[in-house]
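The values are calculated or read from the model by the stated rules, or taken from the named source; none is laboratory data. Here the structure is a predicted model, which is why all the values come from computation and not from measurement. Positions of Cβ are backbone-derived with ideal geometry, glycine not excepted, and every protein chain shown enters the neighbour counts. Just the protein is used for accessible areas: all its heavy atoms, side chains included, with ligands, DNA and RNA removed. Shrake-Rupley method; radii C 1.70, N 1.55, O 1.52, S 1.80 Å.
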Amino acid sequence: MAANNLLEVKNIKKYFPLSKGWFSAKGHVKAVDQVSFSIQRGETFSLVGESGCGKSTLGRLINGLIKSDDGEIIFKGKNLTGANEKAWRSYRKPMQMIFQDPYASLSPRMKIKDILDEPLKIHHPELSKETRKTMVQEILDVCGIDAYHLDKYAHEFSGGQRQRIGIARALILKPELIIADEPVSALDVSIQAQVLNLLKELQENYQLTYLFISHDLSVVEHISDKIAVMYLGNIVEISPAEDIFSRPKHPYTQALLSAVPIPNPKVKRERIMLKGEIPNAANPPKGCKFHSRCPHAMDICKTVEPQLKKVEGQMVACHLY
Amino acid sequence: MAEIVTKTDYMPKSRGKLRSFCAAFIHKKTAVASFFFFCLLIILALIGPSIVPYNPQTPDYNHVLQGPSWLHLAGTDEYGRDVFSRLIVGTRLSLGVGISSVLLGAVAGTILGLISGYFGKWVDKTIMRICDVFFAFPDILLAIGIIAILGPGLQNVVIAVAIFNIPSFARVVRGKTLEVKEMLFIEATRSIGATKSRIIFKHVFPETFSTIIVYLTMNLGTAILAAASLSFLGLGASPSSSDWGAMLSMSRDYMGTAFHLVFFPGLIIFLTVLSLNIMGDGLRDVLDPKSKD
């Protein structure tokens, strides 16, 4: 199994310093705290959690856009931890990103053909201009954008089209892993489905592996093989997608699931309402970080931090099991 | 389709960029007038020597220190040379010194500003502290100091004025770079594996360009004034040349008797600097409205 792992993350940690002032209180926002998981070739691994739980930070850590404080990132059997910026540039070729906001992730001053040509220029300077041009056209075609748009600027496209261009940019280097950071959250629902279908189609055709980051379980449901639920910088549950939806283990997962709308008005479901706000990541509760909002909190939860353990084929970090 | 958000702040006026710029600029009446005045100066700088009515260097001892008349529009100087012709011919020298020094300062300052803003940390601190040192000197005093080291002469005036332009450009470009580098598309470019120099020059620099253009126009006036001041002090153009500052310098002895000798060179320096400042204001309102105070 381990041999089939494309990406392995071990105990990765990222604390952002809160202030650098001389007299102000010091502290850290524990954005990602001791997170471990592995992604197998060809699967879609989804990371869900509410905003501010550290899922985007985790995506950026894996891509090396920010450096981790501790822990290891092993990609294709190679440990990337501690590599310098120059080494990271070559690691990023098989590991591309798709960003949340398609309005801001494309350069406003470049034509589409130049935006897509850039990754090729960087990683394949040996290719001729004509070859690169055909490659750009092919990839646009694959992503559902007509070739006559080549000379347009990003702002001349709709959100869905822009996200397709963003996907094309990630795809043009023939990557193995794509880190999709909320790729559909900025789009409206009908476009979301189109883009998700495109991603699924591309996965089959190009044997892609996805790390799919989202706050929306209903989006994740259709494309994921495995789902990890994050809460305040920790992963609280990792399960195969169908198990998460049929029998969620962690109380937080249960609460999240109960918030997903069901497109059938006759189905009645008990909604688990969480008390209070998400705690401050700079000063998270001791013990289990979720105990302050958990309906099943026990005394042990306030003191001992639960570790991920296997429960009926699912990985859960909870004292209930 | 999915037009949920329409963010206009980083949308360039790409299609017909020039046209939409012109449409906005045309409403700034004084800026347009200044622009035409500046164009006139440029034309005079280019073709001036071949259209002047008199040779600016030929003395005419029969018409010394004459006031303005139809024959000599701006009068004659102590050697009987036509002041109007000398002013026109001097355009090339004065504008040339101003433009070349500002361009030199802008190029160096922009590169420093981009590096400072993008790399941050100790690089930023070092560059900005050095700039602070330069800011601490009054402009003209700094230029005099530099000329004291390099020796007088037009070329050294250009260098001196360029040097005191560097810190201000560096600071403005750094500020803009700090803003641009946090934009998502810069991160996206990093994520495809672009090198730092590629990000800085191909992605950050174009975003700072409009700020640079505005600042360039604004500083051009100051630079022309500074170059004229240095020539007036005898540190720049040779007193016999038709540089505006040098002409003022030569004629100050005659201020009481031949007022026109001081008035016309002063007037043209004043108009040039004023028009450049108004034009800079207009450009800023159109290109870079956020930087307005």
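Quick notes on this one:
- Carbon and sulfur %, accessible surface of chain B computed with the full protein complex present, 1.4 Å: 69 percent
- Debye log10 I(q)/I(0) at q = 0.09, 0.10, 0.12, 0.13 Å⁻¹ for chain A, Cα point scatterers: -0.50, -0.62, -0.87, -1.01
- Amide H partners (placed H, <5 Å) of A:Y210, local residues excluded: A:E43, A:T44, A:F45, A:I178
- The order of A:L177, B:L112 by accessible area, most exposed first and with a 1.4 Å probe, is B:L112, A:L177.
- Tail beyond 30 Å, pair distance distribution of chain B (Cα, percent): 43 percent
- Accessible surface of A:D146 - all protein chains present, 1.4 Å probe, nearest 10 Å²: 80 Å²
- Segment B:30-44 versus segment A:162-226: alpha-carbon centroid distance in Å: 54 Å
- Amide proton proximity set for A:Y231, modelled H, under 5 Å, gap of 5+: A:V236
- Residue among B:I147, B:G117, B:V157 farthest towards the positive dipole end of segment B:78-291, charges placed on Cβ: B:G117
- In summary, the helical segments of chain B meeting the span-like criteria, namely a full DSSP H run, a Cα extent along the axis of 30 angstrom or more and a mean Kyte-Doolittle hydropathy of at least -0.5, are B:29-51, B:83-119, B:154-181, B:205-232, B:260-287.
- Selection from B:G221, B:L178, B:I43, by position along the positive dipole direction of chain B (Cβ): B:L178
- Cα-centred dipole magnitude for segment A:166-230, charges only on beta-carbon of K, R (+1) and D, E (-1), debye, nearest 20: 200 debye
- Euclidean distance between Cα centres, segment B:158-203 to segment A:129-150, Å: 31 Å
- Partner shielding of A:87-99 amounts to 3, given as the average count of beta-carbon atoms from other chains within 10 Å of each residue beta-carbon.
- For chain B, size of Cβ-based charge dipole, Lys and Arg +1, Asp and Glu -1, in debye: 1160 debye
- Computed from backbone phi with θ = phi - 60° and the Karplus coefficients 6.51, -1.76 and 1.60, the 3J(HN,Hα) list for segment A:265-270 is x, 7, 6, 9, 9, 7 Hz; x is used for glycine and proline.
- All C-alpha pair distances within the protein assembly as shown, sorted into 10 Å bins from zero, spread as 3, 13, 19, 18, 15, 11, 8, 6, 4, 2, 0, 0 percent across the bins.
- Rounded to the nearest whole Hz, the Karplus-based 3J(HN,Hα) values (6.51 cos²θ - 1.76 cosθ + 1.60, θ = phi - 60°) of segment A:64-75 follow the sequence x, 5, 10, 8, 7, 7, 7, x, 10, 10, 10, 10, with x at glycine and proline.
- Unit charges on C-beta of K, R, D, E only; dipole of the protein assembly as shown, Debye: 1080 debye
- In Hz, Karplus ³J(HN,Hα) per residue of segment A:27-32 (6.51, -1.76, 1.60; θ = phi - 60°; x = Gly, Pro): x, 9, 8, 7, 5, 9
- Protection-proxy order for peptides B:232-238, A:36-42, each taking the mean of Cβ atoms within 10 Å per residue, highest first: B:232-238, A:36-42
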